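**Q** Take this structure first; my questions come after.
The values are calculated or read from the model by the stated rules, or taken from the named source; none is laboratory data. Keep in mind it's a predicted model, so treat the numbers as computed, not measured. For neighbour counting, all protein chains shown are included, and Cβ atoms are generated from backbone atoms with ideal geometry for every residue, glycine included. Each accessible area value is taken on the protein alone, full model and side chains, heavy atoms only, with ligands, DNA and RNA left out. Shrake-Rupley method; radii C 1.70, N 1.55, O 1.52, S 1.80 Å.
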Amino acid sequence: YIFFLASGGQARLKGVLAISDPDIVKRSANFILEEGFLGNILHNRRYTYAEKFLEGYFANFRYDFLFGKFDNVTRMRVSGEGFGLMYLVDLPLILFGGYKLIVKRDLFAKVMFLWLVLAPIATAPTLPQMTSTRAFLMVVPLVAVSAYGFWSLSKNRILNYVLILLITFNFLIF
């Protein structure tokens, strides 16, 4: 936090925040001019900032960002097909682990879901959206939920075969 108190840190912060983007204000002003009084209510810049914030927040949960090859910073993209921030085999593990944690409702589940809900707030007001370096706070809860799904599957003998198929599928793809 002290970094952003210095003038260089404040300049960097102004450079990445969505509220510093003049295009957002211009777009809002154009809508207001075109639509008159109703546009002044519907396209108020505060609503536009809130819309941009929510767009940035939910962009961190998009399939193409987590599992596909979508990062707005091209130097952070991994070469090759099918590489995202997480492996595709993690998707069913996250879904199953999330389901099991919802059913269990213990302290670990509450902490992981709270962490996962709060983590994208730091990246939401920044531009460009969907950058892997800013979404690093989501790594721990996603991996923990995936690991819990893996552990839950491994306890069931029949589901062990599904787990082996998922791991084999992962090796065949990559």
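**Q** Under 7 Å between Cβ atoms, which residue pairs at least 6 apart in sequence (or on different chains) link something in region 89-101 that is in contact (Cβ under 8 Å) with a residue 24 or more places away in the chain with a partner that is open to solvent by 10 Å² or more (accessible area, probe 1.4 Å) and assigned to a loop (DSSP other than H, G, I, E, B)?
**A** Listed by first residue and then by second, the contacts come to L91/F67.
**Q** Working carefully through the options R77, R12, find the one that is at pLDDT below 70, touching an Asp or Glu at 6+ places or on another chain (Cβ under 7 Å), of a type in the set (K, R) and surrounded by 12 or more Cβ atoms within 10 Å (Cβ to Cβ).
**A** None of the other options fit; the residue is R77.
**Q** Looking at region 16-36, I want the residues that are part of a helix (DSSP H, G or I) and have a partner that is at pLDDT 75 or above and open to solvent by less than 70 Å² (accessible area, probe 1.4 Å) with Cβ atoms under 6 Å, at least 6 apart or on another chain. Which pairs are those?
**A** As it stands, the answer is A18/K52; I19/Y49; I24/T48; S28/T48, since those pairs meet every condition given.
**Q** Do we find that S146 is open to solvent by less than 70 Å² (accessible area, probe 1.4 Å) and within 23 Å of D64 (Cβ to Cβ) in this structure?
**A** Criteria met by S146.
**Q** Of the residues L95, L165, which is open to solvent by 20 Å² or more (accessible area, probe 1.4 Å) and under 30 Å from A50 (Cβ atoms)?
**A** L95
**Q** Considering T133, T123, which residue is surrounded by fewer than 16 Cβ atoms within 10 Å (Cβ to Cβ), under 22 Å from E55 (Cβ atoms) and touching a residue at least 24 places away in the same chain (Cβ under 8 Å)?
**A** So the residue among T133, T123 that is surrounded by fewer than 16 Cβ atoms within 10 Å (Cβ to Cβ), under 22 Å from E55 (Cβ atoms) and touching a residue at least 24 places away in the same chain (Cβ under 8 Å) is T133.
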